[in-house]
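Only the coordinates and a few stated rules stand behind these numbers; no lab work does. All of these numbers come straight from a predicted model, not from anything done at the bench. Cβ coordinates were reconstructed from backbone atoms using ideal geometry, including for glycine residues, and neighbour counts include every protein chain displayed.
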Amino acid sequence: MRLFLLGFIAVACATNAYGQKISVGGCPDVPVKENLDLKQYVGEWYEIEKNPVPFEAGLKCNKAKYGDEGDHVSVVNQGVSVRTGKPSSIEGKATIPDKDVPAKLKVKFNGMPFSADYWVLDTDYKQYSVVYSCFSVFNLFNAEYLWILSRTPTLDDSIKENIYKMLDDQKVNRKRLQPTVQDC
């Protein structure tokens, strides 16, 4: 019990320090994009909005490059330090644990001891993607993450409004979304 309590406190401090909210209970079952076509999905995506996440703290101009490697998807996340202006990147790979639900991927970055959910809630493949992740500890508490991505560094407001409506309809909390600076 003591170990659990220490773990809870550590996760709570880490997530709250970066503006992330933890909730009681396990991760919700969020609907994902049916029949996601990874061949259309791979390529470059710019981060438009996100929930604050510790591993992106102090970065701007965040983008991701996904490549079809046959049995997995290569992942390269890049950003630029707000403080120093130097580029930062991390590489990893994403897999599909259940081939019947290709929109529910697991991504593992090099040097990290665990993988994380990468669920595509919606995409039109050409303009936008909405990505969700949730981290749960023993189904007692969780931290949810959300990203809005675009094929270009900007996204039309009307598309964002449609995304917000979809998130609201699916009861996905979007209140913590913050814009990502893309002025590089």
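Ordered by residue, what ³J(HN,Hα) values in Hz, to whole numbers, does segment 81-98 give under the Karplus form 6.51 cos²θ - 1.76 cosθ + 1.60, where θ = phi - 60° and Gly and Pro are x?
For segment 81-98, the Karplus curve yields 5, 5, 6, 9, x, 7, x, 9, 8, 9, 10, x, 9, 10, 10, 10, x, 10 Hz.
Please give the contour-minus-distance gain from N139 to D124: 0.36 nm per residue of separation, less the Cα-Cα distance, rounded to one decimal in nm. Could you put the intermediate results ahead of the total?
Numbers: separation 15, 0.36 × 15 = 5.40 nm, distance 3.22 nm.
In short, 2.2 nm is gained.
Tell me, Kirkwood radius of the chain from alpha-carbon pair distances, in Å? Don't jump to the answer; show the numbers that get you there.
Values: mean 1/r = 0.0585 Å⁻¹.
One decimal place: 17.1 Å for the Kirkwood radius.
So, R0 is 30 Å and r is the distance between the beta-carbons of S115 and D183; what FRET efficiency does that work out to, to 0.05?
Numbers: r = 32 Å, r/R0 = 1.06.
Using R0 = 30 Å, I get an efficiency of 0.40.
Just the Kirkwood number for segment 92-184, please: inverse of mean 1/r across all distinct Cα pairs, in Å, one decimal. Intermediate results must be reported in sequence, preceding the final value.
Working: mean 1/r = 0.0676 Å⁻¹.
That comes to 14.8 Å for segment 92-184.
Please list 3J(HN,Hα) in residue order for segment 60-66, calculated via the Karplus relation 6.51 cos²θ - 1.76 cosθ + 1.60 where θ = phi - 60°; whole Hz, with x for glycine and proline.
Along segment 60-66, the couplings run 9, 6, 6, 8, 10, 10, 10 Hz.
For a quick check: with amide H placed at 1.01 Å from N, whose amide H comes under 5 Å from V181's, ignoring anything fewer than 5 positions away on the same chain?
The list, which skips near neighbours in sequence, is C61.
Kindly write out, for segment 149-160 in residue order, the coupling ³J(HN,Hα) from the Karplus curve 6.51 cos²θ - 1.76 cosθ + 1.60 (θ = phi - 60°), rounded to whole Hz, with x marking Gly and Pro.
Coupling constants for segment 149-160: 10, 9, 6, 10, x, 10, 9, 4, 4, 5, 5, 4 Hz.
Could you tell me which of the pairs K39/K171; K60/K126; K63/K160; K63/K93 are separated by over 27 angstrom between their Cα atoms in the structure shown? Walk me through the numbers before you get to the answer.
Working: K39/K171 29 Å; K60/K126 23 Å; K63/K160 18 Å; K63/K93 15 Å.
K39/K171, as the Cα separations exceed 27 Å there.
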